[in-house]
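Read the structure below first, then the notes.
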Amino acid sequence: MPSFDLLNRVEQFVLTRTFPADASKSSKKVTRAASKHFIYKDGCLWRSYRGRLLRVVRSDQEMREVLTRYHDNNNHAGRSRTIKEIMMMYYWVGVTEAVKTWITACEVCQNRCPVDKPEPPVQFCLAYGCDASSYVNPELSFHRFPKEAEQRRRWLVAAQRDEGSLRTKSCLCSRHFEPSCFTLNEEGQLTLSPDAIPSIITVTVQEDEAVPLDEDFLHPNSLEDLLSTAAETTDVNPYDPAFDSSETHMGLQEHRYSLPAPDPDARAVPTVMEEKRRKTVIEPSFAVYNQIARFLSHKVLPMQSKKSRGSLRRMAKRFGLIDGVLMYTRVSPPLRVPRNREEVNSILQQFHDNQGHYGQGICQRAISKSFYWSTMTRDLAQWISSCHTCLNRTKRKWLRCSVTGCTNCCGPVERGLGLTFHKYESSSYPAG
């Protein structure tokens, strides 16, 4: 049961503004700070709490009466409900712990039928072509992807997936591990070794030709159309530049009801073209920084109007030349100022592309510790918006096909095949 010594000291201080004779310096400090929330009224000590006055319980006997009233005589309410109702009227130090102890010792509450624990969520194997799940295959064990980078990469290679396909609860089933990867623990259960690497890769046989349905042969010209289509397909050279492979993806949908959706990543281009496009983006020039550096080194102003030269002279007070490098000196330590677009692109690549493709906030905070230029926010936003990796990571969603027996999900193999995923529409369900 809780101690009421603090409440006794608070009551003495509120009434007489004195402390017990044996009170220490720290005890006096705590009592004085706590007394700000208490008042003495109608012969009782009250505590102000969220705009209400709660009566302070001062003895074990009174506390037991309150617990009996709000728990035993209240259909043996749960802990949260009991605490909430008590705190509407009463207060003492350690209400939550007292209610918890009281309910633990209650025979009626302990003899109640235990509530069934919710079933664990269904786990699916992330490996391409593997249809294992904890619901259909309860005899299998499922193992989370490791956090160590090199080991996780080797798991992804065996699963035929990439980093973008991983989620917090992604796992592989025990089918992909050799028996030597498991060890027997003290309880007699098989556990996966910490350094285990999956070596069994699921082999999926894919049909090269689409099998026509029976209703396709009901048309009188279906045979001629089929033969003509086969002849046209034979004459097509896949290595011809005029051959567009995107058209073939439209006919390789996994299910007949799948409709080709517009490319959500129309802005994505190959890496070479992406780098070329980044360098050709029209950006504000760095002529002002070059003029400031020239003024600081030679005290020469450009041939401009008097107003422009005055603005440049005032702006130059924020900068300085340190070993021939233009630095922004309004902060400590000074920040380096890039003076051309190639240098800015190199900085953005270093802090974004080479540091895990973080978001704009994290990248800008890291860049601001070493560099400064006026258009940093806009340049970084444009750089991230043209990053092929960030676009795929942002627009990619974790989707899994709901058709029985289909193991396709949003992974690199499915994206390479041009598969798209579509949600069920409520209008498709029959009324009633």
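What follows draws every value from the coordinates through simple rules; no lab data is involved. It should be emphasised that the depicted structure is a prediction, and the values quoted were computed from it without experimental measurement. Positions of Cβ are backbone-derived with ideal geometry, glycine not excepted, and every protein chain shown enters the neighbour counts.
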(request) Enumerate the amide H contacts of residue 53 below 5 Å, restricted to partners 5 or more residues apart or on another chain; note that Pro and chain-start residues carry no placed amide H. (result) none
(request) Take 388, 357 and order them by how many other Cβ atoms sit within 10 Å, fewest up front. (result) 357, 388
(message) Quick check on the exposure proxy: order 63, 315 from fewest to most C-beta atoms within 10 angstrom.
(response) 315, 63
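For each pair in 25/100; 169/423; 41/84; 317/369, compute the distance between the two Cα atoms and list the pairs where it is over 30 Å. Show your work: numbers first, answer last.
Values: 25/100 33 Å; 169/423 22 Å; 41/84 24 Å; 317/369 20 Å.
Pairs exceeding the cut-off: 25/100.
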(message) More than 23 angstrom separation, counting every C-alpha pair in the stretch 5-110; what % is that?
(response) 36
